Amino acid sequence: QVQLVESGGGLVQPGGSLRLSCAASGSIFRVSTMGWYRRAPGKQREPVATITSGGSTNYADSGKDRFTISRDNAKNTVYLQMNSLKPEDTAVYYCRLYSPPFEYWGQGTQVTVSS
């Protein structure tokens, strides 16, 4: 069983930055695709960014040029650096580990962008 623990969320003003972290248990992390997803109030969960075990990244249009996903396999941790935050980035952010046939989700961390 893999556990994912997100941290780093909080309240930030528009234009500010946050770095989310997701720590994973287990050796499966190194061979897994990791991703960040978010669910805004009243909306469905949507992808934000993903990173493969080899380091290839993919971003949703909403975060391109503002968000950066990275991973540290020595620490079993994936990060999401979010810059130039906007009120519409307000959501619960979830970490996902995907290594077929396995898939795990974290509990989420709240990000609120407001003045």
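The values are calculated or read from the model by the stated rules, or taken from the named source; none is laboratory data. Just so we're clear, the structure is a prediction, and the values are computed from it rather than from any experiment. So basically every Cβ, Gly included, is an ideal-geometry build from the backbone, and we count neighbours across all protein chains shown. Protein only, heavy atoms only, side chains kept; ligands, DNA and RNA dropped before computing areas. Shrake-Rupley method; radii C 1.70, N 1.55, O 1.52, S 1.80 Å.
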Which net charge results for the neighbourhood of THR77, defined as the other residues with beta-carbon distances under 12 angstrom from its beta-carbon, given Lys and Arg at +1 and Asp and Glu at -1? +2
For the chain, which whole-number percentage of the solvent-accessible area (1.4 Å probe, protein heavy atoms only) is attributable to carbon and sulfur atoms? 45 percent
Please figure out what share of the DSSP beta bridges in the chain is antiparallel and state it in percent, rounded to the nearest 5. 95 percent
Within the chain, what's the longest run with no trypsin sites (Lys or Arg not before Pro) in a DSSP loop and at most 10 other beta-carbon atoms within 10 Å? Give the range, please. 65-115
Using a/c under 1.5 as the rounded threshold, could you call the chain rounded, prolate or oblate? The axes a ≥ b ≥ c are square roots of the C-alpha gyration tensor eigenvalues, and prolate needs a/b larger than b/c, oblate otherwise. prolate
Lysines within cross-link reach of LYS86: Cα-Cα under 28 Å, excluding same-chain residues under 8 positions apart? LYS43, LYS64
